[in-house]
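Where a number appears in this text, it was derived from the coordinates with a stated rule and is not lab data. These numbers come from a predicted model, not from an experiment. Cβ sites come from the backbone with ideal geometry, for glycine too, and all protein chains shown count toward neighbours.
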Amino acid sequence: MKHLIIGAGAAAISAIRTILKEKPGDSIVIVSQDEEVYSRCMLHKFISGERDAGGINFINDDILNSPQIQWIKGKTITRLDTAAKTAYAGEEAVASGDTVLIATGANSVTPPIGELRTAKNAFGLRHLSDARAIVECAKGAKKIAVIGAGLVGLDAVYGILESSPGKEITVIEMAPAALAINLDAHAAEAYQRLFEKNGVKFHLASKVVNTQGDGKGNITAVDFEDAGGKKSVPCDMVIMAVGVRPAIAFLDGCGFELTERKGLKMSDYLETSIPGIYAAGDAAGLSGIWPNAQKQGEMAAYNMTGTKWAYDDKFAIKNTVNFFGLLSLSVGAINPQEGDEVLVREDRNNYRKLILRQGVPVGVILQGEIGGSGFWLHLIKNRIPIDKLGKSPWKVSYADFYGTEDTGEYKYVV
Ligand SMILES: Cc1cc2nc3c(=O)[nH]c(=O)nc-3n(C[C@H](O)[C@H](O)[C@H](O)COP(=O)(O)OP(=O)(O)OC[C@H]3O[C@@H](n4cnc5c(N)ncnc54)[C@H](O)[C@@H]3O)c2cc1C
């Protein structure tokens, strides 16, 4: 059997490993726009100059040189013939398979504001090519405006701070706090303070409304509105980090059923509406983080090779943040709903928040010392109640969930 995998990112590589393990006799053809395999989570290290392209490769073996594998790199697929399961780049039929995995990740969203979509000095940060363009433009830039204070925006800022300190960097964010997807406002503020200590300015609760230009295709200022009215940040470079959208535009008109939000409609087995064609990772639109992309790639590959495995890992999203040596980790819900119990513990170096819903942990944030996160992930994912244990939730451990059988053997008792 032959498998066609479009993409060479986290989901694709994990699918390839699974296929090789499950069906070593099958062949795999990979087609990717990228010429290199690299971790997008480490792009800031490329921007900072700490690592080159080879240094952010996340494959530490020569799996792509396996004899069953053909990798066609640097090729952008523009259409999929779903009946023939053949991928096209323009008129060229590039590759076919008996099964197909769409693992094309996502692309940065660029809002249609001012010249953001067309300016020569405005960049998203998703691909290594973006990081290369940012490094090049940052060399001559003195004032940099970053739109979006999520993980990607702050990654870009951090990379630039490390490689070329002394730039005037201003972050403009629509939400009232930075890192709103990853952390609560309190934990995010600790990072904001660290960035501010390093000279970065923040405008939170601020909406970008326009740009000003030099008439030669460069943005010279970003206009925004906050509670105080209209303001402007002068700049000679803009980085946009306001979100991503699954990279599935090339499937338009190919016959896939879509969800209301224009994502691919998929079964629990990560199969699209077209039998034999699967999707995993950011392209599948189920989550936007690395570990989930890997897991989905693995699961899709099991299903592609005939072992049914339903995707059931949708709820326990795990995020990590690490800037200036301050570590944070969040699992599950980060903001409580009405009726939830919220427990907070804080000292000079650590912040811990636990959200309990009817005695069941549904979310945790650990900042500073993040040990024990695997335990919380386990409780949250498996919806294990802890209210009947009769002890402080902070003292609960794996040991609380074991009893002894008559034989003296340990037994899991939840
Ligand atoms: C700056 C940044 C920082 C991040 N930090 C974190 C983090 O700290 N933690 C975390 O969990 N997640 C992080 N993420 C998100 C994480 O990188 C993604 O969730 C993950 O890369 C998704 O993997 P994927 O395989 O679905 O897609 P990708 O890694 O995006 O791979 C997509 C592949 O598809 C190829 N492709 C795309 N379109 C086509 C086409 N038309 N034809 C052929 N090939 C195509 C691309 O070339 C690429 O090889 C970060 C992302 C960015 C951009």
task = Run the quick spin-label model on Glu162 and Lys201: label points 7 Å from Cα toward the beta carbon, then report their separation in nm to one decimal.
result = 2.6 nm
query = Mind checking the dipole of the stretch 46-121: about its Cα centre, +1 per Lys or Arg Cβ, -1 per Asp or Glu Cβ, Debye to the nearest 20?
reply = 260 debye
request  = Tell me the chymotrypsin sites (Phe, Trp or Tyr not before Pro) within the stretch 240-273 that lie in a loop according to DSSP and have at most 11 other beta-carbon atoms within 10 Å.
outcome  = none
note = One finds, for Lys231 and Glu189 with R0 = 22 angstrom and r their Cβ-Cβ distance, a FRET efficiency to the nearest 0.05 of 0.55
query = What order do you get for 290-303, 108-121 when each peptide is scored by the mean count of other beta carbon atoms within 10 Å, highest first?
reply = 290-303, 108-121
ask   = Can you list the residues, at least 5 places off or on another chain, whose amide H is less than 5 Å from the amide H of Ile239, using H built in the peptide plane?
value = Phe123, Ala145, Val146, Ile147
key: Histogram of C-alpha separations across the chain, 10 Å bin width, %   = 4, 20, 26, 26, 18, 5, 1, 0, 0
message = For the pair Ala93/Lys308, report the inter-label distance in nm, with labels modelled 7 Å from Cα in the Cβ direction.
response = 3.3 nm
query = Taking R0 as 22 Å, what's the FRET efficiency between Phe375 and Leu326 from their Cβ-Cβ distance, rounded to 0.05?
reply = 0.55
ask   = Straight-line reach from Lys73: which lysines have Cα under 25 Å away, leaving out those fewer than 8 places along the same chain?
value = Lys2, Lys21, Lys23, Lys45, Lys85, Lys295
remark   = Rounded to the nearest 5, the percent of antiparallel DSSP beta bridges in the chain equals 60 percent
query = So what is the relative contact order of the stretch 93-214, in percent, for Cα pairs below 8 Å that sit 6 or more residues apart?
reply = 25 percent
query = From the residues Val233, Met304, Ala177, which one has its Cα farthest along the dipole of the stretch 159-304 in the positive direction, the dipole being from +1 and -1 charges on Cβ of Lys/Arg and Asp/Glu about the Cα centre?
reply = Val233
inquiry  = Can you give me the distance in nm between label points at Asp214 and Asp252, each placed 7 Å from the Cα along the Cα-to-Cβ direction?
reply    = 3.3 nm
message = Using Cα springs under 10 Å in a Gaussian network model of the chain, which residue among Trp394, Trp376, Trp309 shows the largest mean-square fluctuation?
response = Trp394
